[in-house]
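I have placed the structure first, in the form of structure tokens, so that the comments after it can refer back to it.
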Amino acid sequence: MIHKTREITMGRRKPKTDAVGKITESSVLPLMELNSSSCNAEEISTKRCRTSLHFQLRWMIFIFLFAFLFSSAVAYDPLDPTGNITIKWDVISWTADGYVAVVTMNNFQMYRHIMSPGWTLGWSWAKKEVIWSMVGAQTTEQGDCSKFKGNIPHCCKKTPTVVDLLPGVPYNQQIANCCKGGVIAAWGQDPSASVGSFQVSVGLAGTTNKTVKLPTNFTLLGPGPGYTCGPAKIVPSTTFLTPDLRRKTQALMTWNVTCTYSQFLASKNPSCCVSLSSFYNDTITPCPKCACGCKNKNCIKSDSKLLSVAGVNTPRKDNTPLLQCTTHMCPIRVHWHVKLNYKDYWRVKIAVTNFNYRLNYTQWTLVVQHPNLNNVTEVFSFDYKPLVPYQSINDTGMFYGMKYFNDLLMEAGPSGNVQSEVLLEKNQDTFTLKKGWALPRKVYFNGDECMLPSPDTYPHLPNSAPVSSTVITSIITASVIYLIIMVIT
């Protein structure tokens, strides 16, 4: 009996027994908690009770594994598996009651940038720290600093919220890589602009490596939700080169915070959709209906007189969009058109249209996954960079606007679109126009995956059109009638 009970516990400590070998009440308490309504100390070894306990334990293990796998996968991007934003704190000097640190944000995401109105960074102090001063950034609120006399801190809040300064601030308020309105480019698009920084002087804090308490509960908006930040971790101190490149110095203390992005956390609906067309079929496959959700969305018709009212294009503080009324109700539509088919090459036209009257997309990016992107010959009006997250596969590429030409996607209207054509060299062993092979597998705009139409609606070759049920019924009916006539005659 004892041996069977140990099997039931699946790795639990062996139950305690009394002198005659009976299981004591205290030893079965954990088991009784699992199924207190049906199992007691006398029934613990019965077949029915064992089955119930096994079922409950398996269910608990399944829930735990599901939660673990889901939480790990939420912020995982298969096209950019190592992409993240790393926030580094470098303590560069100690003060009488704290330290001065340079905070650097590095965007290591290949195609996801932080656009206007920029990033917002928050955290919680571990003790009663205050911010005496900042350079290159500011907190949105000062908080209650009434207990201080004379020298008033910049911020006394337990949970400060920090934003970047706007361009054009006085030089004595600037630091390297600051003051860009919170805009940070993607690493794959512009590595030199994929960093932002500010300096903070912290008081009422530790003054040595052993007495400093790391901030906790970091949050990052970029500019909206979607980022999840891990805990701060102490890492080897950062080294710096002097301007003459002849001497190295190092930070007194360094810790990192890593933030990853999840589209599921950013929005329950997609933010873009894809439509398709081809030269070999007159049918245009539109975006799926309500691809980005149709509930609780305000829209305005493209010919509405309200569009001529002053201020209609002014962004709102809560970034509420004003969309053009469409069947898909997406702010962005990407159209993929298979334009021409040559002997050794084929050509695709890509058009991106903005349906949001209140938002310009700066430094936009478009990522496409297609097996023939390993043979891109020429991209005519966009910049292009192949993305190779897995060295053995080259089927993903990033398109983005040329600087000062079309890197700004204007608000909805006559100028609210950008387009380009792509010339690709054929691989005669794999190229085909059948079964939608020439159409994209995945499309991302500004780092968010777009909704593709259902494959059964893709443009098809004229000689490969699916036979409808009406045609089949007509053929069968005609055949039956013919057989009846043959029998009668």
Give the residue list of trypsin sites (Lys or Arg not before Pro) in the range 166-257 that are DSSP loop and have at most 13 other beta-carbon atoms within 10 angstrom. Lys210, Lys213, Arg246, Arg247
Chymotrypsin sites (Phe, Trp or Tyr not before Pro) restricted to the range 77-160 and DSSP loop, no more than 13 other C-beta within 10 Å: Phe148
With a 10 Å radius around each residue's Cβ, average the other Cβ atoms per peptide and rank 313-325, 259-271, highest first. 259-271, 313-325
Need one value: the accessible area of His460 in square angstrom, 1.4 angstrom probe, rounded to the nearest 10. 70
Can you return the lysines within cross-link range of Lys403? Criterion is Cα-Cα under 20 Å, with same-chain partners fewer than 8 residues away left out. Lys180, Lys385
If the reach is capped at under 18 angstrom between alpha carbons, list the lysines near Lys268, excluding any in the same chain fewer than eight residues apart. Lys289, Lys295, Lys297
Nearest-20 debye value, the range 353-416 charge dipole, Cβ charges on Lys, Arg, Asp, Glu: 120
Would you mind getting the accessible area per residue of the range 95-223, heavy atoms of the protein chains only, 1.4 Å probe, in Å²? 44
Within the range 336-399, DSSP-loop trypsin sites (Lys or Arg not before Pro) with at most 10 other C-beta atoms within 10 Å are Lys343
First select every other residue whose beta carbon is under 12 angstrom from the beta carbon of Val443; then total the charges, Lys and Arg +1, Asp and Glu -1. +1
Take the Cα atoms of the range 202-295, find their three principal axes, and give me the spread along each one in whole Å, biggest first. 70, 38, 18
If Lys and Arg each add +1 and Asp and Glu each add -1, what is the summed charge of the other residues whose beta carbon sits under 11 Å from the beta carbon of Thr258? +2
In a shell of Cβ-Cβ distance under 9 Å around Thr104, excluding Thr104 itself, what net charge do Lys and Arg (+1) and Asp and Glu (-1) give? 0
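The values are calculated or read from the model by the stated rules, or taken from the named source; none is laboratory data. Everything numeric here is computed off the predicted structure, so don't read it as measured data. Positions of Cβ are generated from backbone atoms using ideal geometry, with glycine treated the same way; all protein chains shown enter the neighbour counts. For accessibility, only protein heavy atoms count, side chains too; no ligands or nucleic acids. Shrake-Rupley method; radii C 1.70, N 1.55, O 1.52, S 1.80 Å.
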